[in-house]
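Written below as structure tokens is the structure these notes are about.
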Ligand code: 4AD
């Protein structure tokens, strides 16, 4: 269907005085004595385009005034009263009618209400802005890595090893439950892959293989977590950005994380001014200023041990008690980022017991070279580490955890054949989108959220 995108009509002053054809859905309609007005949106722009219908003209407009109706409009672009272009309609065609039970009637609905209609919520201003910012962030991530010589790798989604060693994988099976199997091994032997398989929680282990061949790689794909975390920041299926860098130690990894986060946020501020103004107005006052501050200051750095001391001294009444060795909860992470540092902060060198087997063991024998990036408002958005590059130490850590070594034979091989210091991190893409938009529930930054008990 030949037509002009509404964003083009707004952007390009040359359309003024010209006849154009635009398409879109009716967002609001007003019918007065001599004229009728329609605000049309085709999704290309956050702003709606006003269509003015002069009732003296022979235009069949009655059916075009219902919210949600899709239209094709031919008319002349004129400069409207507030200086924004609008269209004096010459011809209106209803493409698809929309009955009065169309759920998006009011101007603003709650995010909770919109969650009940993932198929329609994309037509609201909020989701228009969220989905566009998501897209611009994704492009910026690719550009950051591509411009710096990283190779984009696609790691498998179906895997036989559980990267975090934590056993929270969704199972992949064509057999299903088979009570007549004698043992677990029998059961999996009859399955599609001949062994237990699941959806990958992270592309890291395969990413390491690629980094130890290509030097610098990144992945950008879905990861799956079967943990029963029904919180505003956990999805069962989320998008994961995982760079992996050879010949790199923990400070190198942190440098990349900081530079990348600043680069992608800077890109969104440049490319999406209307969307960012919208979030600032409706979701978090001062958001744009906060992001500008973030990209113009160095991120804080604190060790886990220092963070625990800060939390203990805080005098805050935390729901989860703080002791050296405990996992940091969101309330702790937010206290450190929001109250102590008032900016993004890296927490490094966690106790080895609460981190994964693959992390480089520090000389103190108690901690590992891990790093999390905490940001105000969200908490952790990045988790990463330097990897254990020493064969014997890695093997010992796996044995200490009682891991089945068989699925990790290749991974161990990498430490046998020309091992090098290397590291990387995982950025939760939706957590980044939450941080950039000021939207506080992860279900509202992805079109179809998958969470415990929800797969609409
Ligand atoms: O800290 P995580 O579990 O680290 C890893 O998966 C490493 N293998 C990454 C690496 O070093 N390559 O996850 C990394 C990030 C978290 O910081 C968080 O932002 C996000 O992934 N994340 C989730 N996002 C949404 N829903 C979930 N259930 C998430 N779990 C982790």
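Values as computed for the structure displayed
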item: Qualifying residue in the range 179-187 (condition: more than 16 Å from the ligand (Cβ to nearest atom), in a loop (DSSP other than H, G, I, E, B), at pLDDT below 95 and touching a strand residue (DSSP E or B) at 6+ places or on another chain (Cβ under 9 Å)); result: no
item: Residue list for the range 190-205, filter: within 16 Å of the ligand (Cβ to nearest atom) and in contact with a strand residue (DSSP E or B) (Cβ under 6 Å, 6 or more places away or on another chain); result: 198, 199, 200, 201, 202, 203, 204
item: Subset of the range 389-407 that is in contact (Cβ under 8 Å) with a residue 24 or more places away in the chain and part of a loop (DSSP other than H, G, I, E, B) - its residue that is surrounded by the fewest Cβ atoms within 10 Å (Cβ to Cβ); result: 401
item: Number of the exception - residue 354 against (1) touching a residue at least 40 places away in the same chain (Cβ under 8 Å); (2) over 23 Å from the mean Cα position of the chain (by Cα); (3) under 28 Å from residue 260 (Cβ atoms); result: (1)
item: Listing of strands (runs of 3 or more DSSP E) fully contained in the range 1-104 that carry 3 or more residues being closer than 28 Å to residue 281 by Cβ and under 36 Å from the mean Cα position of the chain (by Cα); result: 19-31, 35-41, 49-54
item: Candidate set from the range 148-173 (those that are over 19 Å from residue 238 (Cβ atoms) and at pLDDT 90 or above); member that is surrounded by the most Cβ atoms within 10 Å (Cβ to Cβ); result: 150
item: Residue within the range 286-303 that is under 18 Å from the mean Cα position of the chain (by Cα), surrounded by 20 or more Cβ atoms within 10 Å (Cβ to Cβ) and assigned by TED's automatic domain parsing to the domain that holds residue 369 present; result: yes
item: Single match in 84, 64, 56 (criterion: surrounded by 17 or more Cβ atoms within 10 Å (Cβ to Cβ) and over 30 Å from residue 449 (Cα atoms)); result: 64
item: Within the range 244-354, helices (runs of 4 or more DSSP H) holding 3 or more residues that are within 16 Å of the ligand (Cβ to nearest atom) and over 15 Å from residue 379 (Cβ atoms); result: 250-271
item: Those residues of the range 176-204 which are in contact (Cβ under 8 Å) with a residue 40 or more places away in the chain and within 17 Å of residue 408 (Cβ to Cβ), in sequence order; result: 198, 200, 202, 203, 204
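The rows are residues; the columns are (1) crowded, with 23+ Cβ neighbours inside 10 Å; (2) more than 15 Å from the ligand (Cβ to nearest atom); (3) more than 16 Å from the chain's Cα centre (by Cα).
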| position | (1), (2), (3) |
| --- | --- |
| 364 | no, yes, yes |
| 409 | no, yes, yes |
| 419 | no, yes, yes |
| 442 | no, no, no |
| 452 | no, no, yes |
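The values are calculated or read from the model by the stated rules, or taken from the named source; none is laboratory data. No experiment lies behind these values; they were computed from the predicted model shown. Cβ atoms come from the backbone with ideal geometry, glycine included; neighbour counts cover every protein chain shown.
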